[in-house]
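All remarks here apply to the structure that follows.
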Amino acid sequence: MGEKVFISGASGFIAQHIVKLLLETGYTVIGTVRTKEKGEKLKNLINFKEFNYVIIPDISVPGSFDDAFKKHNDIDYVIHSASPFTYTTSNPDKDLIEPALKGCKEILNSSYKNLKNLKRFIITSSDAAIYSNFDEKNNKLKFDENSWNLTPRELGSNDPVTAYYISKSLAELETVNFRKTQNPNFKFISINPSYVFGPQAYLCDPNQINESNQLISELLKKTQPKDNFDNEIGGFIDVIDVAKTHVFAIQNNDVINQRLFLNNGHFSTQMILDIINLNFPKLNLIKGKPGTGQEDIKQLAQVDNNKTKSLLPWTFTSLNQTVIDVVNQILDVQNKNDDNSKL
Ligand code: NDP
């Protein structure tokens, strides 16, 4: 039996890719899900006897991880990926910041108390822990692996986007404080992806696309001249690169105590629309203002993640390829659904 990895939030978009790659690499994986129904669905999809799930309905409840870690006290690596990721809430502090922060404290404390073999604790953080949602759009600023989003918690109480950014920063800071105050035997690695696009690992229900890929799936509905779209801008990274980095963080010694800032450049929604229109002309989507993407992203802050790139021995997937992969998967599923409805 391979070494044992515990991953929180196993049913999530990114976590499913991490689980898939871990299993293919030979690890045994225990993943948390919130309900038995989700666990069974995931286990059937994954279809590997080395995958099992535990049910943790809410990571932020005191002692939430204790039973799972007492049962699986031989875990070698913990990946903490569960965190609320939604921009639709009327109480951003309660729904985003509190569960992210408390959940991180719970998994850290319970790992320390119960997992005597633990070698590494890897947190799926975010570029949101590197800069605020405002600083990200200030081209006079430059950010790297040493930068921190230190926006005060109060500023997140009325705005879900600001709150999400704060939630990621506070949770990651909790791991830094834990390392300094408890000095545990296990090592820490933070993974800080920008906006993650990419196909789903197993599940692809076009009506249940995760928060980040919704930007692409929504564009596929824009066929009428009156349709318009929010031209979002930001950094991007492909989900496969994110999954590979988590596995690398388990295996490589140079990444210990590092923050791995995963960003392969900047995107705008217009740039994504241009890629879709070029590669899938038959979809007849609206055109927006083709070719203006480079202008859109000029207002974004500069990113210097050369340190991360020098640590990771592969080249990140291009925006072009990522968008094509996502659209192909959505169209495949739509075609299959159409075929089934004809039967
Ligand atoms: P998903 O929403 O697909 O996955 C989040 C997972 O966390 C889900 O399994 C969810 O369960 C679980 N979860 C959320 N809140 C709780 C809670 N209180 N108790 C138990 N489980 C909980 O998001 P992603 O896969 O996109 O994100 C995964 C991680 O990556 C997150 O930490 C996110 O912040 C980070 N990230 C994501 C980026 C992106 O662009 N997608 C960019 C940078 C970082 P359920 O679905 O059942 O509610």
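The values are calculated or read from the model by the stated rules, or taken from the named source; none is laboratory data. Just so it is clear, the model here is predicted, and its values are computed rather than measured. Quick reminder, even Gly has a Cβ in these numbers, built from the backbone with ideal geometry, and neighbours come from all protein chains shown. Quick note on the areas: whole protein, heavy atoms, side chains included, nothing else; ligands and nucleic acids left out. Shrake-Rupley method; radii C 1.70, N 1.55, O 1.52, S 1.80 Å.
Annotations for the structure displayed:
- Taking the Cα atoms of the stretch 270-333, the ratio Rg/Rh between the radius of gyration and the Kirkwood radius comes to 1.07.
- The percentage of C-alpha pairs in the chain whose separation is greater than 35 Å is 21%.
- Ranked order, Leu115, Leu173 - accessible area, probe 1.4 Å, largest first: Leu173, Leu115
- 3J(HN,Hα) from dihedral phi, the stretch 299-308, Karplus parametrisation 6.51/-1.76/1.60, rounded to Hz, x for glycine, proline: 7, 7, 5, 7, 10, 10, 10, 4, 4, 4
- Backbone amide hydrogens, once placed in the peptide plane, bring Gly234 within less than 5 Å of Phe267, excluding anything fewer than 5 places away on its chain.
- Over the C-alpha trace of the stretch 138-290, radius of gyration and Dmax come out as 18.7, 60 angstrom.
- Under 5 Å between amide hydrogens, built in the peptide plane, is the criterion, and for Tyr53 it picks out Gly31 among residues at least 5 positions away or on other chains.
- Measuring nothing but protein heavy atoms, the accessible surface of the stretch 31-94 at 1.4 Å probe radius is 50 percent carbon and sulfur.
- Taking Val161, Val323, Val61 in turn, the Gaussian network model of the chain (Cα-Cα springs below 10 Å) assigns the largest fluctuation to Val61.
- Where the stretch 1-154 is the region considered: accessible area per residue in Å², 1.4 Å probe: 46 Å²
- A DSSP coil position with no more than 13 other Cβ atoms inside 10 Å describes the following trypsin sites (Lys or Arg not before Pro) in the stretch 38-122: Lys49, Lys116.
- Accessible surface ranking for Met1, Met271, 1.4 angstrom probe, highest first: Met1, Met271.
- Among 25-35, 185-195, the peptide with the highest mean count of other Cβ atoms within 10 Å heads the list, and the full ranking is 185-195, 25-35.
- Computed from the alpha carbon positions, the gyration tensor of the stretch 100-163 leads to an equivalent ellipsoid with semi-axes of 29, 16, 7 Å, biggest first.
- When the trypsin sites (Lys or Arg not before Pro) in the stretch 236-309 are filtered for DSSP coil states and for at most 16 other beta-carbon atoms within 10 Å of their beta-carbon, the remaining sites are Lys287.
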